[in-house]
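Report on the structure given below.
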Amino acid sequence: MVIASKLPEIGLTIFSEMTRLALQHGAINLSQGFPDFDTHAELKDLVAKYIRSGHNQYSPMQGVDALREIIAAKTRQLYDAVYDPATEITVTTGGTQAIYTAVTATVHPGDEVILVEPAYDCYAPIVRLNGGVPVFATLDFPSYRIDWNAFGRLVNAKTRLIILNFPHNPSGAVLSAQDLEILAEILRPNPVLILSDEVYEHIVFDGLSHQSMSRHPELRQRSFVVHSFAKTYHTTGWKVGYCIAPRALSEEFRKIHQYMVFAVNTPIQYAYAEFLEDRQRYLSLPSFYQAKRDRFLDLIRNSRFRPLPCHGTYYQLLDYSQVSDEPEMQFARRLTMEYGVAAIPPSVFYHRGGDHKVLRFCFAKKEETLSAAAERLNAI
């Protein structure tokens, strides 16, 4: 049987491709964004505790009460933002499901959706699957800042949604408080919604603070804010996240959510709820990952790769222009096959293949992994 593809131009994701290539050639995989160290032993014990205690049936569609309540408390403490856990917080099967649900709930055929690129690879396909039209605002290179004048010119009567992702994957750029003020001014005359992908909210460096859409009272009222426990607690395989949004937006979100997954893994939700009681476990992440970033940069300081500024996430962009003039995709494949280090070419996150001769390396790795990768990079 042959069907007409809804995404005829889409093949294997870049993450799957580079991981497969790394496995084929025995390369050190700094491409896909997951730690190679384990999660907390206490968190695993809590999951086992709730499995043994019989929490193995469907959770409420919107998520376990205890988890939503502690998420509300955490959000209030961090961002001075009050959300009702009963009506404005929904637990999801990871961040991607939350993104898909929010787009599906809001975007109608012909609606325009502004994406800031380089854009994580799921955004544009999700918009197209819902009949929306992606419109691209390109970040300045190499600062990866938003040109707000150009951005403002993209907003028009057809604009339904803006998708933002800060701390930004792949660049590590972060927003400032001034950025939020400018965005609020641009959107003030327009009934435009925001989908803010903030899965790296706790991984911000150099004394900076995460500027969540929840932090800004005006932007909060028009925003779906997506978070994930995967990046915070080194549990990417568990696929649990959440979306916070004002009641009217959450009502539409839940209409879709209930028919996509209905309920999320019950014992893991209870485990996260108890684990979140210790705030230091997420408040310590900036120093934990900044130390890894700094260590990785120190290890490659004698290489021919030049680091770009990275103020958040656990990715580091490296300029390889002193090594090769090959396009990013070509050099990424050769780096994997010939030198044994896998990375992601950011050009795949542009709709027209922006090529700046940089690669994205994940430094959420053990010391021995970073040291071995650096040794290979230094030898090039």
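Checking each residue in the range 33-65 for being surrounded by 12 or more Cβ atoms within 10 Å (Cβ to Cβ) and at positive phi picks out only G63.
Only one residue in R334, R295, R376 is surrounded by fewer than 21 Cβ atoms within 10 Å (Cβ to Cβ), in contact with a Gly (Cβ under 7 Å, 6 or more places away or on another chain) and outside any loop (DSSP other than H, G, I, E, B), so which one is that?
Only one candidate qualifies: R376.
Do the conditions hold for R301, that is, is it charged (D, E, K, R), surrounded by fewer than 19 Cβ atoms within 10 Å (Cβ to Cβ) and not assigned by TED's automatic domain parsing to the domain that holds R76?
yes
Only residues that are over 27 Å from G354 (Cα atoms) and touching a residue at least 40 places away in the same chain (Cβ under 8 Å): list them for the range 108-118, please.
Of everything in the range 108-118, just one residue is over 27 Å from G354 (Cα atoms) and touching a residue at least 40 places away in the same chain (Cβ under 8 Å), namely H108.
Restricting the range 144-173 to residues that are within 17 Å of the chain's Cα centre (by Cα) and among the hydroxyl-bearing types (S, T, Y) leaves a set whose member that is surrounded by the fewest Cβ atoms within 10 Å (Cβ to Cβ) is Y144. Which one is nearest to the chain's Cα centre (by Cα), of the residues in the range 213-231 that are under 15 Å from A98 (Cβ atoms) and among the polar types (S, T, N, Q)? The selected residue is S228.
Within the range 232-260, count every residue that is crowded, with 17+ Cβ neighbours inside 10 Å, under 16 Å from the mean Cα position of the chain (by Cα) and not in a helix (DSSP H, G or I). Residues meeting the conditions: 10. Looking only at the range 298-319, residues that are of a type in the set (G, A, S) and part of a strand (DSSP E or B) come to 1 in all. Of the residues making up the range 49-65, just one is β-branched (V, I, T) and within 13 Å of Y272 (Cβ to Cβ), namely V64. Scanning the range 337-369 for residues that are in contact with an Asp or Glu (Cβ under 6 Å, 6 or more places away or on another chain), over 15 Å from P118 (Cβ atoms) and not in a loop (DSSP other than H, G, I, E, B) yields a count of 1. For the residues L154, L67, the requirement of being touching a residue at least 24 places away in the same chain (Cβ under 8 Å) and more than 15 Å from Y242 (Cα to Cα) singles out L154. It is to be established whether one or more residues within the range 229-248 are assigned by TED's automatic domain parsing to the domain that holds D197, out of contact with any helix residue (DSSP H, G or I) (no Cβ under 7 Å at 6 or more places or on another chain) and closer than 30 Å to F141 by Cβ. Checked against the condition, which is being assigned by TED's automatic domain parsing to the domain that holds D197, out of contact with any helix residue (DSSP H, G or I) (no Cβ under 7 Å at 6 or more places or on another chain) and closer than 30 Å to F141 by Cβ, the range 229-248 yields at least one hit.
Sort out which residues of the range 77-103 are under 23 Å from W238 (Cα atoms) and hydroxyl-bearing (S, T, Y), and write them in order of number. Result: T90, T92, T93, T96, Y100, T101. Among the conditions (1) closer than 23 Å to L249 by Cα; (2) free of Cβ contacts under 8 Å to residues at least 12 places away in the same chain, S209 misses just one, which is (1).
The values are calculated or read from the model by the stated rules, or taken from the named source; none is laboratory data. Because the structure is a prediction, the values reported are computed rather than measured. When we count neighbours, we look across all protein chains shown, and the Cβ atoms used for this are built from the backbone with ideal geometry, even at glycine.
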